[in-house]
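Colleague: Here it is, the structure, as structure tokens.
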Amino acid sequence: MVYGLKTSAAQVVHTADCHYIAKHAQGDLVAYGSIVGAMQNGRRFCRHCNPVLQEYARNRLSFDRFCEDSGFHYRIDEMSIDLQTPTGAWKLTVGKENQSVLFHRNTESRSVDHLSTIKGYHLQRCPEKDLLSQLKYIYFHDCFRGENPYFPPKEKPVKKPAPSKKKKHAAKKDTLPIGMSKKKRKKMKEQQRERERRAKIRSVLDTIDALQMARRATA
């Protein structure tokens with residue numbers, strides 16, 4: 001249970017053992033089942049009785065040393081410790097049972113995102129309950145996720161070399177004399193093509209004769 005003053009403009013809530021609450025009569029207080037319920041009603045947690053910040057104050061040197069060695073950066077507000085790691089973002093805050101819980105920033109949209117008490121974050125199922133153990137959990141979680149990402153980087157497709165274009169046969173050089181009439185030039189070109197065709201046929205026939213002679217010789 002957490003308690004706040006009915007007439008307080010500060011809208012702050014406290015735990016039952018907070019010295020501030022002890023100064024006021026029971027009838028001046030409004031009770032909430034948990035800090036989460038109080039927050040949903042626009043209340044904020046007292047920094048002096050926030051269990052997360054109390055534990056941080058007791059272990060500040062160890063907390064700072066671990067963050068420095070791991071490359072973590074953090075800032076503190078009235079409700080939580082916001083932690084920035086090389087690969088993600090986390091929140092160490094107070095849960096329904098007024099103890100430290102861990103939230104991890106979303107890297108993808110989920111169907112249950114609207115159920116989270118912190119927008120853009122999801123509750124991380126961490127077995128550890130104290131701050132320093134939770135820091136170690138975050139470190140090993142990020143190491144594992146760095147080696148086993150949800151979305152592996154896509155390999156860039158290797159570009160295949162473009163097929164070489166066949167070189168077009170160079171146009172045959174016109175060897176006919178200049179100044180000849182078009183009709184005579186056309187006739188001479190036809191005669192030249194005919195000579196080339198006959199020469200190719202003669203070459204094929206010579207090759208066939210040579211093969212037949214070689215076959216008879218080996219028979």
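The values are calculated or read from the model by the stated rules, or taken from the named source; none is laboratory data. Values in this document were obtained by computation on a predicted structure and should not be read as measured data. Here the Cβ positions follow ideal geometry from the backbone for every residue, glycine too, while neighbour counts run over all protein chains shown.
Colleague: Output yes when any residue across region 58-66 is surrounded by 13 or more Cβ atoms within 10 Å (Cβ to Cβ), at pLDDT below 90 and under 26 Å from residue 17 (Cα atoms), and no when none is.
Modeller: no
Colleague: For residue 50, are the conditions met, namely being within 20 Å of residue 100 (Cα to Cα), of a type in the set (S, T, N, Q), surrounded by 14 or more Cβ atoms within 10 Å (Cβ to Cβ) and out of contact with any helix residue (DSSP H, G or I) (no Cβ under 7 Å at 6 or more places or on another chain)?
Modeller: It is true that residue 50 is within 20 Å of residue 100 (Cα to Cα), of a type in the set (S, T, N, Q), surrounded by 14 or more Cβ atoms within 10 Å (Cβ to Cβ) and out of contact with any helix residue (DSSP H, G or I) (no Cβ under 7 Å at 6 or more places or on another chain).
Colleague: Here's another thing I want to ask about it. Taking the condition of being in a helix (DSSP H, G or I) and surrounded by 11 or more Cβ atoms within 10 Å (Cβ to Cβ), how many residues in region 1-43 meet it?
Modeller: Residues that pass the stated criteria total 9.
Colleague: Quick one: residue 73 ticks every box in (1) at pLDDT below 90; (2) in contact with a Cys (Cβ under 9 Å, 6 or more places away or on another chain); (3) not polar (S, T, N, Q) bar one, so which box is it?
Modeller: (1)
Colleague: Has region 51-63 got at least one residue that is in the same structural domain as residue 102 (by TED's automatic domain parsing), out of contact with any Asp or Glu (no Cβ under 9 Å at 6 or more places or on another chain) and basic (Lys, Arg)?
Modeller: So far as region 51-63 goes, yes, one or more of its residues are in the same structural domain as residue 102 (by TED's automatic domain parsing), out of contact with any Asp or Glu (no Cβ under 9 Å at 6 or more places or on another chain) and basic (Lys, Arg).
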